[in-house]
Amino acid sequence: MTALIQVSTIGEDFIVDPFPLHSLIKTQLNDVFENASILKVFCGAQNDAFWLQRDFNVRVVGGIDVQLVHNLLRSDEQNNLVGLKELSEIYTPMLKVDKTARLEDWRRRPLTAEMINYARKDTRILMAIWNRMIIMVGFMQILKFLRQHDVMLP
């Protein structure tokens, strides 16, 4: 069962304990997760989307997986999925990712302050990676346009 739901917006973080709220998750989160006009950014979206569907009957519409975007940005044609820590080292090296709390038992309650901070930092770093990717995609599109129109200096 899904042990934690982490949601961040530009200004706020929400760490949702689904255990006591199981019956409310679909009614409270479905409007957001099924709304295609609200972008949802994931790392490992396939698993997260599966768990949300299986555990709460919530479908994810309009989701982006930074692992897949990373593979599209790579120039070496490899399709290896890398984790959040590796993505952070590539796109946001100034942000240090400590994944030791990943090994905690996330089913245990109450969550410790360290676990909550870890979950919050995870989504903050994910948003920073996504923002950096947006900049890179924009830059790559400009370069592609310039090359297509032969206005690049050698």
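Checking the stated criteria, Ile25 turns out not to satisfy the condition of being surrounded by fewer than 16 Cβ atoms within 10 Å (Cβ to Cβ) and in contact (Cβ under 8 Å) with a residue 12 or more places away in the chain.
If you check Phe56 against the conditions, is it without any contact (Cβ under 8 Å) to a residue 24 or more places away in the chain and under 30 Å from Ser23 (Cβ atoms)? So Phe56 fails the test. Tallying residues that are aliphatic (A, V, I, L, M), touching a helix residue (DSSP H, G or I) at 6+ places or on another chain (Cβ under 9 Å) and farther than 26 Å from Thr9 by Cβ within segment 98-154 yields 3.
If I ask for residues that are modelled with pLDDT of 90 or more, part of a loop (DSSP other than H, G, I, E, B) and of a type in the set (Lys, Arg), which ones from segment 94-148 would you list? If the condition is that a residue be modelled with pLDDT of 90 or more, part of a loop (DSSP other than H, G, I, E, B) and of a type in the set (Lys, Arg), then Arg107, Arg108, Arg109 are the ones that fit. Of everything listed in (1) surrounded by 14 or more Cβ atoms within 10 Å (Cβ to Cβ); (2) closer than 21 Å to Arg108 by Cβ, the single unmet condition for Asn47 is (1). If you go through segment 51-62 and keep only what is part of a helix (DSSP H, G or I) and surrounded by 13 or more Cβ atoms within 10 Å (Cβ to Cβ), you end up with Trp51, Leu52, Gln53, Asp55, Phe56.
Residues that are modelled with pLDDT of 90 or more and either in a loop (DSSP other than H, G, I, E, B) or in contact with a His (Cβ under 7 Å, 6 or more places away or on another chain) (or both): does segment 64-82 have at least one? No, because not a single residue in segment 64-82 is modelled with pLDDT of 90 or more and either in a loop (DSSP other than H, G, I, E, B) or in contact with a His (Cβ under 7 Å, 6 or more places away or on another chain) (or both).
For the residues Val7, Val41, the requirement of being touching a Phe, Trp or Tyr at 6+ places or on another chain (Cβ under 9 Å), closer than 24 Å to Lys121 by Cα, β-branched (Val, Ile, Thr) and surrounded by fewer than 16 Cβ atoms within 10 Å (Cβ to Cβ) singles out Val7. Pairs are defined by a Cβ separation below 7 Å, a sequence spacing of at least 6 or placement on different chains, a first member in segment 133-150 that is over 18 Å from His70 (Cβ atoms), and a second member that is loosely packed, with under 11 Cβ neighbours inside 10 Å; the pairs so defined are Leu146/Met152.
The values are calculated or read from the model by the stated rules, or taken from the named source; none is laboratory data. Quick caveat: nothing in here was measured; it's all calculated off a predicted structure. Counting neighbours? That spans all protein chains shown, and the Cβs are built from the backbone with ideal geometry, glycine included.
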